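Below is one structure, written out as structure tokens, with a few remarks after it.
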Amino acid sequence: MELNNLTKEKYVAAMVLGAVGDALGYKNGDWELCTSGKQIHEELSALGGLANVRVQPPLWTVSDDTVMHLATAESLVKHGSDPDNKKLFKLFAEEYKKSMTDMIGRFAGETCKNSCELIDLTVPNGYRLPFNPYGGGCGAAMRSMCIGLRFSRPNDVTKLIEVSIESGRITHHHPTGYLGALATALFASYAVQQKPLREWGAGLLSVINMAKLYVANCSTGFEKENLDQWHHFEKHWQDYLRSRNIDNGRSDPIFPANYDVIKRDLFYKFISYEGFGGGSGYDAPMIAYDALLASGGQWMKVCEHGMFHGGDSDTTGSIAGFLYGVIHGYKDVPDRNYSSVEYRDRLEKVGRELYDLANKNEPGN
């Protein structure tokens, strides 16, 4: 049986287009660090536009986002159907540490690097690090989409909450950070379920209440610190959903009549943490979601909104590209945008394996 009629090809496309969105938003660091979406669009135009861009090294390498996303995905496959989640969390930690050896020229985030250095896998629960008041960045969100492919059904949501949160706080032990991992995994599961886009944000707020109960009962020794800082993520998402008129999950989104690249940059800065769009665990998935809502299912428009903006454009691009792939596969994506992307073979392989693993638990199989 197929998983909600979603083909294996879309699982593969999701993994590949996540890497494409990463590489496009990164542009070897030139665009990730650029604060002007207008400048990026002008440089893209000088290259002949997106349709003429062949995404391949050395001009278009993937960043740390794809390297760590592969680490998450390959850990899920190695773990298989083993019910022992602690083994999975240790696998995540092992693979995240290992991924740090593939970061030359990829601009690994300081929080990820520092946390991976502190992980001690020679002791029990050595992947659990203390609460980090500065751990609210986007490094957990960028690598967790594939968790939603693995745990994609509505009745998987409890498992999805646990796995995404624990994968996130291996490096980002702060709710603003690890709830970003929950958001991207949850959105991927919604895409598999073919849930209408307008419902995703309201669904996230509902699931966050379940996540809060999970964290409150985890016995990590940092429950108070986590719950004291919980409101930041939730409030920013409540405000965003109201601004788009989709807080009830039933209305269609509202966008300004003029929502060009300059206006988008201003909006992304407004919703961001410290004026750098996509740099935190709450606004990286938010900008990717906004791009999907505004795109009307058009690849070019998803890229314009999700990859080519001032701020952390490789992370938002990775999330937006991945989710586009789950929903649309390679529809309207020029072959040159994805056929030569770095690590394509690994991405395709793990996409197929995640599909097979998710289907293995399909009732009736």
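Data for the structure
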| item | result |
| --- | --- |
| Qualifying residue in the range 70-84 (condition: under 21 Å from the mean Cα position of the chain (by Cα) and of a type in the set (Asp, Glu)) | yes |
| Cβ pairs under 9 Å, 6+ apart, first in the range 185-203 and charged (D, E, K, R), second not in a loop (DSSP other than H, G, I, E, B) | Lys195/Ser189; Lys195/Gly203; Arg198/Leu293; Glu199/Tyr190 |
| Among (1) at pLDDT below 95; (2) touching a helix residue (DSSP H, G or I) at 6+ places or on another chain (Cβ under 7 Å), the one test that Asn5 misses | (2) |
| Where a residue in the range 287-301 is surrounded by fewer than 19 Cβ atoms within 10 Å (Cβ to Cβ) and its partner, wherever it lies, is among the polar types (S, T, N, Q) and part of a helix (DSSP H, G or I), with Cβ under 7 Å and at least six apart | Lys301/Ser295 |
| Number of the condition not met by Cys218 [criteria: (1) assigned to a helix (DSSP H, G or I); (2) under 16 Å from Ala181 (Cβ atoms)] | (1) |
| Hits in the range 233-266 (condition: assigned to a helix (DSSP H, G or I) and touching a Pro at 6+ places or on another chain (Cβ under 7 Å)) | Phe233, Lys263 |
| Candidates Lys27, Lys90, Lys78 - the one that is out of contact with any Lys or Arg (no Cβ under 6 Å at 6 or more places or on another chain), among the charged types (D, E, K, R), farther than 26 Å from Arg128 by Cβ and modelled with pLDDT of 95 or more | Lys27 |
| Single condition Lys224 does not satisfy, out of (1) closer than 21 Å to Ala320 by Cα; (2) out of contact with any Lys or Arg (no Cβ under 7 Å at 6 or more places or on another chain) | (1) |
| Cross-chain or 6+ apart pairs with Cβ under 7 Å, the range 239-256 first and more than 17 Å from Gly296 (Cα to Cα), then assigned to a helix (DSSP H, G or I) and of a type in the set (A, V, I, L, M) | Tyr240/Ile271; Tyr240/Met286; Leu241/Ala202; Asp247/Ala202; Asp247/Leu241; Asn248/Ala202; Gly249/Ala202 |
| When residues of the range 60-113 are limited to those that are out of contact with any Asp or Glu (no Cβ under 9 Å at 6 or more places or on another chain) and buried (at least 23 other Cβ atoms within 10 Å of the Cβ), the one nearest to Asp312 (Cα to Cα) | Tyr96 |
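The values are calculated or read from the model by the stated rules, or taken from the named source; none is laboratory data. Treat the numbers as computed from the prediction; the structure is a model and nothing was measured. In this analysis, Cβ positions are derived from the backbone assuming ideal geometry, glycine residues included, and neighbour counts consider all displayed protein chains.
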